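Q: The structure follows.
The values are calculated or read from the model by the stated rules, or taken from the named source; none is laboratory data. Everything numeric in this text was worked out from a predicted model, so none of it was measured. Cβ placement follows ideal geometry from the backbone for every residue including glycine, while neighbour counts extend to all protein chains displayed.
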Amino acid sequence: MPVEPSAAEAEIQALKRQLAAKDKTLAVLIRRVEADTSAGMDALTSLRTLHDLEQLVSLKSSELEAERSRLADALIQLGDAQDKVAQLQKLKENSPKPA
């Protein structure tokens, strides 16, 4: 009998996908700034771009940390749920069988 993923497991997978998307966005932005700088962009424009990127990275880092915290909480809840399932299975196995 296949086991359906619990709500916690589904949330974990969704958070992992969001983290991967944000990491990809940051990588693209970093490459863009590096390309602009190597293409001869003037120093002031480059500094402004770097400043904007720094602010974005800070914002995204905060978002990632909040999502990681949510993920850690979800993992704890999943572990608790698994413990409860194991306890219920033991109780079921040890309960007297009807005659």
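Q: Under 6 Å between Cβ atoms, at least 6 apart or on separate chains: pull out the pairs that start in region 70-99 with a residue that is of a type in the set (D, E) and end on any residue that is surrounded by 12 or more Cβ atoms within 10 Å (Cβ to Cβ) and in a helix (DSSP H, G or I).
A: none
Q: Also, I was wondering about something else. Can you run down the residue pairs with Cβ atoms below 6 Å, 6 or more apart or on separate chains, where the first is in region 9-27 and closer than 19 Å to Q82 by Cβ and the partner is of a type in the set (D, E) and surrounded by 12 or more Cβ atoms within 10 Å (Cβ to Cβ)?
A: That search, which allows pairs on different chains as well, returns L15/E67.
Q: I've got another one for you. In region 1-25, what count of residues is obtained for those that are of a type outside the set (V, I, T), at pLDDT below 80 and farther than 14 Å from A72 by Cα?
A: Count: 6.
Q: Here's another thing I want to ask about it. Quick check on this structure: which one of E93, E65 is among the acidic types (D, E), at pLDDT below 90, more than 19 Å from T25 (Cβ to Cβ) and part of a helix (DSSP H, G or I)?
A: Of the residues listed, the single one that is among the acidic types (D, E), at pLDDT below 90, more than 19 Å from T25 (Cβ to Cβ) and part of a helix (DSSP H, G or I) is E93.
Q: Out of (1) more than 26 Å from Q13 (Cα to Cα); (2) surrounded by 10 or more Cβ atoms within 10 Å (Cβ to Cβ), the odd one out for S69 is which?
A: (1)
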